[in-house]
Amino acid sequence: MKNFIKNDFLRTGLILVLFFSLLVSCQKQESKALKANKELYELMQEWYLWYKDMPKISPSSYINVYHVMEALRVNPPDRWSFVTTKKEFDDYFKDSKFVGYGFGSAYDGQGKLRISFIFNTVELYNLGVRRSWIIKSINGIPISGQNINQMLGANQVGVTNNFVFIKPDGTEVSHTVAKQEITMNTVLHYEVIDTPGGKVGYLVFQSFTGTSKNELNEAFQHFQTNGPITDLVLDLRYNGGGAVSAANHLASSILSSGNKGDVFVKYIHNDKKTGENTIENLIETSYNLNLRRLFVLATRATASASELIINGLKPYIEVFVIGDTTHGKPTGMYGWYYDIYAFVPVAFTSVNKNNEGGFYTGIPANKTALDDTSRQFGDPEEACLKEALYYINNGTFSGIIHTKSMFRQPWEDFTGLRAVIMSH
């Protein structure tokens with residue numbers, strides 16, 4: 001493709017590998033929208049993983065690049081390629097920032113919508129809202145299976161909504177709050193749990209971004225100082241992916257220092273870009289936990305770089321998935337800048353050291369378990385964590401059969417960048 005420069009100095013592993021930037025060089029008489037449409041179309045023809053199956057279109061017949069991307073996306077399998085603004089892209093992947101309320105939600109087995117997680121940097125957290133709280137209504141409308149993303153309105157600073165929550169003790173509380181720019185804490189919780197089978201590390205990780213490494217270092221230093229831990233329970237239930245540099249750091253921290261230089265992931269591009277095929281090797285970290293097993297807690301929202309952790313570590317350590325089958329995104333994306341936009345198409349697929357990949361239907365769970373949002377992170381009676389601890393102590397999973405929620409989960413309605421953020 002013409003009109004772009006590959007900026008290796010901007011390499012940060014965003015979404016799965018790195019940044020690119022496009023140069024604006026179309027005819028001056030063309031409208032900005034038409035120029036952007038044409039640039040996106042040419043980009044997709046050159047870099048898109050499924051370019052051979054992409055429909056032939058006339059870019060000038062679409063009102064903007066968002067519609068062009070919708071027209072070009074080959075679905076199935078592609079549920080992920082998107083366009084966003086350069087600012088939103090940079091804010092999230094470089095600085096862990098986005099506009100919203102800063103909480104996730106999930107319907108429980110009885111159809112009640114509960115807070116699944118909440119960042120400790122947001123107004124609702126300061127007002128006392130925590131995981132397990134029930135959202136009874138929004139703006140006076142009772143919650144009973146609706147798409148609450150639509151109910152909450154545009155992701156713009158100042159958009160205001162009223163929430164009525166039911167607390168764990170059964171009392172109700174009402175809060176009217178506005179959306180704001182949020183800086184996330186991507187590590188939501190970590191601790192060492194003493195069990196008859198040994199000390200177990202428990203880490204809840206919500207997103208792979210540019211700021212994650214310091215938070216992960218703090219957690220792994222805690223495991224090393226308060227261990228030795230024999231097993232790690234990695235909670236990725238609400239992690240939609242992100243930067244592969246952060247994924248590599250996490251994977252390398254889980255494994256021993258002796259794995260430095262081993263293959264973490266191989267990236268495979270389309271037949272026009274075979275020269276871009278690369279191997280990501282594990283790096284050296286300060287930790288040497290010598291874990292015997294990794295237990296990953298997952299839902300259908302566990303995607304992309306989260307699945308990369310599962311697939312990439314299987315050749316080196318025994319990995320068990322507990323909860324539900326993962327999302328199914330064995331692919332990666334680059335971000336190209338053009339004018340105010342970031343074009344983010346699927347550009348490659350990934351496999352592990354043993355060339356295993358292609359899990360478009362998701363990575364199946366070794367043990368299904370309810371996403372038990374009625375309990376706090378770290379509660380040994382929480383269904384998913386309980387299954388991990390049961391295996392550690394007994395060498396097998398329990399015979400408990402878990403009932404799933406009757407409603408479509410809110411994360412199933414996230415699209416574009418929001419599908420990576422996984423937060424309202």
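Values for this structure:
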quantity	calculated
Sequence-distant lysines (8 or more away, or on other chains) whose Cα lies within less than 27 Å of LYS260	LYS94, LYS199, LYS213, LYS314, LYS329, LYS353
Cα gyration tensor shape for the range 217-309, rounded if a/c is under 1.5, else prolate or oblate	oblate
Sparse-neighbour loop sites [GluC sites (Glu not before Pro); the range 240-298; at most 16 other C-beta within 10 Å; DSSP]	GLU284
Accessible area expressed per residue, the range 257-377, with surrounding protein chains retained (probe 1.4 Å, Å²)	35
Surface/4 estimate of mean projected area, convex hull on alpha-carbon atoms of the range 114-204, nm²	7.7
Per-peptide average of other Cβ atoms within 10 Å, ordering 74-80, 330-336 highest first	330-336, 74-80
Solvent-free Debye scattering, log10 I(q)/I(0), computed from the Cα coordinates of the range 171-217 at q = 0.22, 0.23, 0.25, 0.32 Å⁻¹	-0.84, -0.86, -0.91, -1.14
Zone residues, the range 131-175, relative to LYS87, backbone N less than 12 Å from point 7 Å out along Cα-to-Cβ	156-157
Those lysines that a straight Cα-Cα span of less than 19 Å connects to LYS112, excepting residues fewer than 8 apart in one chain	LYS136, LYS167, LYS404
Hits among aspartates and glutamates - C-alpha to C-alpha of LYS38 under 19 Å, sequence gap 8 or more where chains match	GLU30, GLU46, ASP53, GLU70, ASP339
Which labelled figure in (i) 21.6, 73; (ii) 26.7, 86; (iii) 20.8, 64 is Rg and Dmax of the Cα atoms in Å, once derived from the coordinates	(i)
For the range 292-364, Kirkwood radius (reciprocal of mean inverse C-alpha pair distance, Å)	13.2
For GLN409, distant residues with modelled amide H under 5 Å away	none
Whole-percent pair-distance distribution, where bins are 10 Å wide, for the alpha carbons of the range 301-424	11, 34, 34, 16, 4, 1
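The values are calculated or read from the model by the stated rules, or taken from the named source; none is laboratory data. The model shown is predicted, which means the values in this text are computed figures rather than measured ones. Every residue, glycine as well, gets a Cβ built from its backbone with ideal geometry; the counts of neighbours run over all protein chains shown. Just so you know, the surface numbers come from the protein's heavy atoms only, side chains and all, with ligands and any DNA or RNA stripped out. Shrake-Rupley method; radii C 1.70, N 1.55, O 1.52, S 1.80 Å.
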